[in-house]
Amino acid sequence: MASFFIRTFGCRANQADSAGIREALAPLAMEETGDWRRADLILVNSCTVTHRSDREVRQVVRRLHGGNPGARIVVLGCYAQRDPEGIAALPGVRLVVGNAERARLPELLEEMPDSGPARVSWSPVDAAADCPLPPMGRTGGKTRPLVKIQDGCDSGCAYCIVPKVRGPGRSASPEAVLAEITALTAAGFREIVLTGVHLGAYGRKREGYPGLTELLERIVRIPDLGRVRLSSIEPMDFDPGILRIAASGPVVAHHFHIPLQSGCDRILRLMHRPYGAARYRELVGEIVRLLPDAAVGTDVLVGFPGETEEDFAAGCALLEELPLAYLHVFPFSPREGTEAFALPGRIPPRALARRLERVLAIGRAKSVAFRRRFVGRPLPAITLAAGPGGTRVLTGNYLSARIPDSLPPNRLVTVRLEEPDSLASLIKNGDGP
């Protein structure tokens, strides 16, 4: 039987897309392998959010071809949508599939040439289309399936290329979402992650579709649902009703990722982010007031063009003040085709590196302080994978730990965090004897 290997770059939306790719390949009677050196078909689901992402994709494609020259390589995803001809020129690539053409993958594979120039299948993303929602049960060995209920973005953030490669905002039908989560629950999955490119905008452009809060209200009523976790929600779209649902029962994980990008109002305006530091402070304060154990994480973009030392200091002051659990920190990466690409005032590399390290240090301190708050306290968790030293678990409030017990993945348990930081003990195995 022919075999395939998938290499996924980037965000959770891309990871969900890879689950859809696996589902699309199922009728072709191909077997997935974890060894790319033995695969007959290699699929690279690419990311293009930064120049570094592009470079890594190119490097990996060259390495895959060099180590397995007989494999046919297919590149899909956002880099394929942004620069299909550049991808097609890479060694070993036989097929390039843009985001709008991904649903046609089985047909395109049948027509893929064995030699000669790579074939490119590309078209603009249809603004009128729903977000397709293929079955997500083929997770590639991951415990928690990602259900992508939304795709695309209508925001105009000055630094971001995503709307150009993902297209306008689109939502999956609520009926499809509920049916998929019901099926995953019946299949035994105990935690499901809702994801999207602009998750908080779910349902906004389709008459008759609920918003994210109303959809979540329907989801938590699904019988036997274990836990549902929300991926990133922009601060301007975070409905307080989500907190009410999370506080009303154990189903919604107490974990919210809310991108800040900058703690300086002037820079937020330059970025075209429609909120200010005060609004963000208020939102995070409301979350931790209603859900004291909640993990609130954020994204921070360092070195946006024109960011002065005073702007940077203001941003750092806000980060140090906020009760955050972790930071995802990124240096500004100029992307051709975005407004920020042409802005003056780029930060010199040495100054950018210094600022980056400062914010990373704040993030490390926040993570340590958050974890220490919960040492000795019982926390709901899910088992991820067993190994020689026990079983890795992830708590509802996004703390990773290891218990010495050997348990199968995909069980809801209760653990107590111990010292050292990565160790926990099992209190209750909620899904087994």
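The values are calculated or read from the model by the stated rules, or taken from the named source; none is laboratory data. No experiment lies behind these values; they were computed from the predicted model shown. We place every Cβ from the backbone using ideal geometry, glycine too, and count neighbours over all the protein chains shown. Just so you know, the surface numbers come from the protein's heavy atoms only, side chains and all, with ligands and any DNA or RNA stripped out. Shrake-Rupley method; radii C 1.70, N 1.55, O 1.52, S 1.80 Å.
For the listed peptides 271-278, 296-303, a ranking on the average number of other beta carbons within 10 Å per residue, highest first, reads 296-303, 271-278.
Only Cα pairs under 8 Å and 6+ residues apart enter the sum, and on that basis the relative contact order of the chain stands at 10 percent.
When the listed pairs Lys164/Lys366; Lys205/Lys366; Lys142/Lys428 are checked against a 27 Å cut-off, the alpha-carbon distance exceeds it for Lys164/Lys366; Lys205/Lys366. Accessible area per residue for region 212-305, computed on protein heavy atoms with a 1.4 Å probe, is 35 Å².
With the highest mean first, a sort of the peptides 360-367, 398-405 on other beta-carbon atoms found within 10 angstrom per residue produces 398-405, 360-367.
Kindly state, to the nearest 0.05, the FRET efficiency for Asp239 paired with Glu321, given R0 = 30 Å and r defined as their beta-carbon distance. Don't skip to the end; give the middle numbers.
Values: r = 24 Å, r/R0 = 0.80.
Step by step, r from the Cβ atoms, then E = 0.80.
Please report, as a whole percent, how much of the solvent-accessible surface of the chain comes from carbon and sulfur atoms (probe radius 1.4 Å). Using a 1.4 Å probe with all protein chains present, the chain comes out at 54 percent carbon and sulfur. Sorting the segments 340-347, 322-329 by their mean number of nearby beta carbons within 10 angstrom, highest to lowest, gives 322-329, 340-347. In this simple spin-label model, placing a label point 7 Å from the Cα along the Cα-to-Cβ direction at both His51 and Arg266 gives a separation of 2.6 nm. Helix content alone sets the calculated 222 nm mean residue ellipticity of the chain: runs of n ≥ 4 DSSP H residues at -39500 (n - 2.57) each, divided across all residues, give -9500 deg cm²/dmol. Taking 0.36 nm per residue of sequence separation and removing the Cα-Cα distance, the Met1/Ala386 pair yields an extension gain of 135.7 nm.
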